[in-house]
Amino acid sequence: YLLLWCGLFVGMSYLLISSYGLMGVVYAHVASHVIVAILLYFDQRRAIGFKVTADNWKLLVSSLILLGSVVVLNSEQFYLYPFFVAELLLWAMLNVRPHERLAAMRAVQSRLLTLRGPLHKTQ
């Protein structure tokens, strides 16, 4: 599939760069990934019976909405940053399970304590 992706990317880049410039290469890159992901899905579905669950669909749709809003609303508009942060928090609440959140918080806390430890040593 890697060779297929490379072929698609180079071929679409060649076709799109004359019309769209650097953005044509970006479009070719994204389109190549989408095409290969779809082909991989059908291949794995046939080979091992892989199925997309409701949680997978929720993750996919919410991620596309998050990405789409950042692209459409343009991240250079600084007044929209609070909106993006709120949207990211909503995404995390929808897609990260409570036990995963707790594990992540413990890992961050442990890392902070490790970083902070040498600074507070008394002699």
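Can you list the HN-Hα couplings for the range 86-99, worked out from phi with the Karplus curve (6.51, -1.76, 1.60; θ = phi - 60°), rounded to whole Hz and with x for Gly and Pro?
Once rounded to whole Hz, the list reads 4, 5, 5, 5, 5, 4, 5, 5, 6, 10, 9, 6, x, 5.
Would you mind estimating how fast the chain diffuses translationally, via Stokes-Einstein at 37 °C and 0.692 mPa s with the Kirkwood radius over Cα pairs, in µm²/s?
176 µm²/s
Tilt of helix 22-48 relative to the longest C-alpha principal axis of the chain, in degrees (0 to 90, nearest 10)?
So the inclination is approximately 90 degrees.
Solvent-accessible area per residue for the range 26-92 at a 1.4 Å probe radius, Å²?
Per residue, the range 26-92 has an accessible area of 76 Å².
What order do you get for 53-60, 31-38 when each peptide is scored by the mean count of other beta carbon atoms within 10 Å, highest first?
Order by mean packing, descending: 31-38, 53-60.
Using θ = phi - 60° and the Karplus relation 6.51 cos²θ - 1.76 cosθ + 1.60, list the HN-Hα couplings for the range 80-85 in order, rounded to whole Hz, with x at every Gly or Pro.
8, 4, x, 5, 5, 5
The values are calculated or read from the model by the stated rules, or taken from the named source; none is laboratory data. As the structure is a computational prediction, the values presented were derived from the model and not from experiment. With ideal geometry, Cβ positions are generated from the backbone for all residues, glycine too; neighbour counts draw on all protein chains shown. Protein only, heavy atoms only, side chains kept; ligands, DNA and RNA dropped before computing areas. Shrake-Rupley method; radii C 1.70, N 1.55, O 1.52, S 1.80 Å.
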